[in-house]
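The values are calculated or read from the model by the stated rules, or taken from the named source; none is laboratory data. All values derive from a computational prediction rather than experimental measurement. Here the Cβ is made from the backbone with ideal geometry for all residues, glycine too, and neighbour counts use every protein chain on show.
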């Protein structure tokens, strides 16, 4: 084994620092815009509907009403399943 090695690459004339800085700033701006879009989406009714759909998955798979067996609870699950399938 050899100890630490330092390598120097002469990049003068190969990399335009100003262009690279602009490219990175553009990438950063696009990423920030995507983060803002996704945060808005997660804070919207889309996220609530998605959570309802995840809760409705499998509601009819057990062959009956799960939980305490109340008809209202079963009707609510059936509605969520229909809503998710139609949505």
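Couple of notes before you dig in:
- Of the criteria (1) exposed (fewer than 10 other Cβ atoms within 10 Å of the Cβ); (2) at pLDDT below 85, which one residue 18 fails: (2)
- Within the span defined as segment 57-66, every residue fails to be more than 15 Å from the chain's Cα centre (by Cα) and modelled with pLDDT of 70 or more.
- Every listed requirement among (1) at pLDDT 85 or above; (2) part of a helix (DSSP H, G or I) is met by residue 10 save one, (2).
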